[in-house]
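To start, the structure itself, in structure tokens.
The values are calculated or read from the model by the stated rules, or taken from the named source; none is laboratory data. None of the values given here were measured: they were computed from a predicted structure. Cβ sites come from the backbone with ideal geometry, for glycine too, and all protein chains shown count toward neighbours. Areas reflect the complete protein model, heavy atoms only, side chains present, ligands, DNA and RNA absent. Shrake-Rupley method; radii C 1.70, N 1.55, O 1.52, S 1.80 Å.
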Number of protein chains: 2
Amino acid sequence: MNFDDLLKEPGEWLKGKGASSKIVISSRVRLARNLDGIPFPGWAGKREREEVLKLSARSISACPILKNALSLELNKLSALDRQFLVERYLISREFAESKIERAAVIGEKEMVSLMINEEDHLRLQSLHSGFEIEEAWRLVSQVDDEIGKRVKYAFSDHWGFLTACPTNCGTGLRASAMLHLPALVMTKQINKVFQVLSKVGVAVRGFYGEGTQASGNFFQVSNQITLGQSEEEIIDNLERIIRQIIDHEEKAREILLKKSRFELEDKVGRAYGILEYSHIMNSQEALELLSLFRLGVDIGIITKISIESQNKLLIIIQPAHLQKMEGRALTPAERDTKRADVIKKAIR
Amino acid sequence: MNFDDLLKEPGEWLKGKGASSKIVISSRVRLARNLDGIPFPGWAGKREREEVLKLSARSISACPILKNALSLELNKLSALDRQFLVERYLISREFAESKIERAAVIGEKEMVSLMINEEDHLRLQSLHSGFEIEEAWRLVSQVDDEIGKRVKYAFSDHWGFLTACPTNCGTGLRASAMLHLPALVMTKQINKVFQVLSKVGVAVRGFYGEGTQASGNFFQVSNQITLGQSEEEIIDNLERIIRQIIDHEEKAREILLKKSRFELEDKVGRAYGILEYSHIMNSQEALELLSLFRLGVDIGIITKISIESQNKLLIIIQPAHLQKMEGRALTPAERDTKRADVIKKAIR
């Protein structure tokens, strides 16, 4: 597996498989882990961080699930390639921009990936298509066990897994799902949903992750609490909540279809028309229109394109993906043109 | 000729023929005339107005150009039919809404039409396709001469033709053209053009005539002065000014194509996409998008539809036309649906 393969074939998590894959684009579970006896990356010296890289690499290479994984020293990657990995949800924005000794490991089909020397020594994640948090948890947990056989994790009987930031302490687990909730937005119920979520310890972010605004009716929801509950409790709890959100979204879609099918068809039709005929399109507008497009496919107004193609489209219209596809740096204006072009080809 | 023929075949002035017909949709000349010795319609009594109708009818029926003309007693028409005639530029809004004894006469192909007992006893107009003010003047002048042989017009050697409103006194002539000036709007030169026009005695109105806002880059320009100049001077002057506006618009289009062809293609493409795929469209949006569509055809981005079809489309998407086509009254929401449908069929 090499870097270019990533461009050729976006990961398994974009296949549009899994439960409720119309509404739940993807599920993700990540674990924060640190090696015992070595300062956290932000406090460690160069040599200690290199030690972390070495120890991690050794334990990872012994892990069957990560056979054929792609190992990337971040300092050897161009800014564009790093941004590409961010857009692919394989590394964090902070990790891409950090200057310290660090590496990423990407397993086959992007099912499992790791960041070494991010905020913690190890960040393990598993990405799955659809509403498959349980499956993502099972997979990342296996990798965690495998690595845990070979290194000693920083662990306290009282606090659980120790992490650089106390908000990750305990299980070190963050589970999330990317949801598409256009009907809750259109029926103006979304803010009420968010209010409830914040009360039950669920955070909401935009399509492009932490610190980004929600765009085009895509929302990433994740657990905020990592401590005082078992991994299974955290995941059960989040799954239960997401199931409720899916129910609400489905009901809202039914109501929309019953009460204003025609207006909905108009909105979807217009989105389709613009996506098909525009020559210039920025990211924000693209997400908004692709959201309407997706809704149109879900409710049967548009029948031309698979969920997989739609999921991929959401990813490949991002700046670094567009530039990698084009094989050269593009100005923002050129990207807007390329984006319109890529969309047009995909939906026609 | 009967009323339904109007619906079946919109007039000659929509054929997209004549000079500069890309930019100049139509030309119109109207004359205000009153019968000597009878008070203006607003002051006259019922019997006097009926006398005007009788005298006019007699002189009109003798006029060769108005052979086979359609004569309509306005009080016998439904509100919908009256609105239909307004939308067709065959009668004025005020005339449609007035309650007094009045009639309209519509010549074949809508080349010549008359209002009897509008603000003046007689309003004669000729509508032509393209930039053909001269031709419209020649035709309306012939009708004026024919009628003038049979009735005595109110005329003063000092003031010229006498009219109910002093702003029409003298020649009683108002010439106008409907212009499509998207490039002047896009390059933000239009307000400068309007400022100059107001200084040289040229009024600017919107697509739907007096008192309406300019929509979709369509502007009706007309002479404000009717007194102290001969008919030929008024027309020459207006033609010269319109020729300059056309020049400016053509230059602005060249500049747009040179400097921002791509942005223009994007705008036109989006308009096309929405026109093709929307299910609900109000008048204002339709005019705006059809303006971009027209520009797209003019500059060769879209090649699917004739100027004639476009001109007709601008007329038939109006409320009364939509209702006449549907054969029944439509709510505003139903009209928006019908409008989207009519446009879709025309441009596909």
Taking all pairs of distinct Cα atoms, average 1/r, flip it, and tell me the Kirkwood hydrodynamic radius of the stretch B:72-197 in Å to one decimal place.
-> 16.6
Going by the rotation axis that takes chain A to chain B, pick out the residue of A with the closest C-beta and quote the gap in whole Å.
-> A:Gly273, 1
Helix B:231-277 versus the longest principal axis of chain B: what angle, 0 to 90°, nearest 10, using Cα atoms?
-> 30
Projected area, mean over directions - the protein assembly as shown, Cα convex hull, nm² = 35.7
Under a point spin-label approximation (7 Å from Cα along Cα-to-Cβ), what is the A:Ser230-B:Phe155 distance to one decimal in nm?
-> 10.8
Report the label-to-label distance for B:Lys67 and B:Lys8 in nanometres (one decimal), using points 7 Å from each Cα along the Cα→Cβ vector.
-> 2.0
When chain B is modelled as a GNM with alpha-carbon springs shorter than 10 Å, which of B:Glu118, B:Glu233, B:Glu12 fluctuates the most?
-> B:Glu233
Pairs A:Lys17/A:Lys199; B:Lys8/B:Lys345; B:Lys15/B:Lys324; B:Lys15/B:Lys76; A:Lys258/B:Lys338: which are spaced more than 19 Å apart, C-alpha to C-alpha?
-> A:Lys17/A:Lys199; B:Lys15/B:Lys324; B:Lys15/B:Lys76; A:Lys258/B:Lys338
Top mean-square fluctuation among B:Ile106, B:Ile255, B:Ile225, Gaussian network model of chain B, C-alpha springs under 10 Å?
-> B:Ile255
Provide an ascending nm list, one decimal, of label-point separations from B:Glu97 to the equivalent residue in each further copy; define each label point as 7 Å from Cα along Cα→Cβ.
-> 6.0
Rg and Dmax [Cα atoms of the stretch A:3-252; Å; Rg one decimal, Dmax integer] = 17.8, 56
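For the pairs B:Lys109/B:Lys192; A:Lys267/B:Lys22; B:Lys99/B:Lys152, note any where the Cα-Cα span goes beyond 30 Å.
Details: B:Lys109/B:Lys192 37 Å; A:Lys267/B:Lys22 32 Å; B:Lys99/B:Lys152 26 Å.
Where the Cα-Cα span goes over 30 Å, the pairs concerned are B:Lys109/B:Lys192; A:Lys267/B:Lys22.
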Heads up, I need the accessible area for A:Thr331: 1.4 angstrom probe, whole protein in place, Å², nearest 10.
-> 70
Where N is the number of residues in the stretch B:141-213, Cα Rg divided by 2.2 N^0.38 Å = 1.53
Which of these, A:Gln229, A:Gln125, A:Gln310, has the largest mean-square fluctuation under a Gaussian network model of chain A (Cα springs below 10 Å)?
-> A:Gln229
Could you tell me which of A:Tyr277, A:Asn311, A:Leu289 has its Cα farthest along the dipole of the stretch A:261-347 towards the positive end, charges placed at Cβ (Lys, Arg +1; Asp, Glu -1), taken about the Cα centre?
-> A:Asn311
Debye sum, Cα scatterers, the stretch A:261-347, no solvent: what log₁₀ I/I(0) at q = 0.10, 0.21, 0.25, 0.27 1/Å?
-> -0.24, -0.93, -1.23, -1.38
Would you kindly find the accessible area of A:Met1, with a 1.4 Å probe and non-protein molecules such as ligands, DNA and RNA excluded, rounding to the nearest 10 Å²?
-> 80
Quick calc: nm separation of the 7 Å Cα→Cβ label points for A:Thr303 and B:Arg261 -> 4.0
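Per DSSP H run of n ≥ 4, the term is -39500 (n - 2.57); total these for chain B, divide by its residue number, and report the mean residue ellipticity at 222 nm rounded to 500 deg cm²/dmol.
Numbers: 12 runs with 166 residues, N = 348.
Mean residue ellipticity, 222 nm, calculated: -15500 deg cm²/dmol.
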